Structures are given as structure tokens and as C-alpha cells.
Amino acid sequence: MKFTNILVPFDKSDHALHALTLAKGLAEEDPAIKLHVVSVVFVSDIPPALGLDANPYESAPPLVIQPDLYKKLVEAALDREENDMKQAIGGLLDGLPNDVDIVAANAPSPVDGINDFAKEHGCDLIVMGSRGLGVLRGMLGSVSYGVLRSAEIPVLVAKKDEDGK
């Protein structure tokens, strides 16, 4: 099976960079392969993401805020996240002839955001990192475990070894 539309969830961690490096290696095999690098911004994280000194659980819920203001807050948080992602990625994708989409998406949870983005954009593979925490989930982090269990497409979990490889 040949993958042509790859989603890389990206939280700016070393594990996410490792996954992006692996996805880049897959994409280099064919310039027609598209990469989607996506960060999910949680709805409840929007006030802190804007740099506001507020606890999202103590701040006004979206239903109380004027819709136009809330939309601007969400857009500002997503723009800031995209800029932060580009900084974290640095020159890793420079020179790659493939189409690369770097996006921040708003979702109620990272698992839902990743799966929804994959469906909406016709992705056929998810390549994601794992923090490797906890025995309950084996060697997977909670988000990678959730995506692995719920995704309708193949998921490649790129776990770094103890030496960071």
C-alpha cells in the first residue's frame, strides 16, 4: 500500500520532531505525497494560549462571550500556535519538494482533533510520536494510545529509544 496523504500530529516535543523526521523520510520517496503537520489547540486552552492571565475554568465560557470576540480569540490562538510550530520545525522540511500544510486546529480533545482532521483531509496514514509514559498503555502516551485505538486509518507510532534515536 502506498501512502499519499500523511498526517503528523505535532505538539513541538522531541517525540513529535522524531515522528516528523520519519514522515519526511516517507515523503521524500515521492514528491506527490502531501504532509499535514497539525497541532490541536484545546478549546479550554484558548485564554492561556493567548497569553491572557486567566484560568480557562474560571474565565467566561464561549456562550457568554460575544461570538465575534470569541472567533477573534480562537483565530489569534491558532495563528500563534502555527507560528510556534514553524519555529519548532525550523529548517527540518526545507528543500522538501512535497506539499506541506502546517496547521493549528481547534478541537475539544487532541484525539478527536487528530481523527477529525484525518477524515476531513482524506489522510491515509498518521505518523505520530509517543512520550512512552506509563505501564498501563505499554510504551504509548495517552494521545497516541487514543488515536491508535480510534483511528480509521493506519497509525505509525514513532517511539524514540532511550538514546533519543
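The values are calculated or read from the model by the stated rules, or taken from the named source; none is laboratory data. In this text, all values refer to a predicted model and were calculated from it rather than measured experimentally. Heads up, the Cβs are rebuilt from the backbone with ideal geometry, glycines too, and the neighbour counts pull from every protein chain shown. Accessible surface areas use protein heavy atoms only, side chains included; no ligands, DNA or RNA. Shrake-Rupley method; radii C 1.70, N 1.55, O 1.52, S 1.80 Å.
Restricting attention to the range 10-19, does a residue exist that is open to solvent by 70 Å² or more (accessible area, probe 1.4 Å), in contact with an Asp or Glu (Cβ under 7 Å, 6 or more places away or on another chain) and modelled with pLDDT under 95?
Yes, the range 10-19 contains at least one residue that is open to solvent by 70 Å² or more (accessible area, probe 1.4 Å), in contact with an Asp or Glu (Cβ under 7 Å, 6 or more places away or on another chain) and modelled with pLDDT under 95.
Mind checking which pairs have a first residue in the range 6-28 that is more than 19 Å from residue 113 (Cα to Cα) and polar (S, T, N, Q) and a second that is open to solvent by 20 Å² or more (accessible area, probe 1.4 Å) and not in a loop (DSSP other than H, G, I, E, B), Cβ under 9 Å, 6 or more apart or different chains?
none
Would you check which residues across the range 85-112 are in a loop (DSSP other than H, G, I, E, B), buried (at least 16 other Cβ atoms within 10 Å of the Cβ) and not polar (S, T, N, Q) and list them?
93
If you go through the range 60-75 one residue at a time, do you hit one that is at pLDDT 95 or above, more than 20 Å from residue 12 (Cβ to Cβ) and either open to solvent by 30 Å² or more (accessible area, probe 1.4 Å) or in contact with a helix residue (DSSP H, G or I) (Cβ under 7 Å, 6 or more places away or on another chain) (or both)?
The answer is no; no qualifying residue exists.
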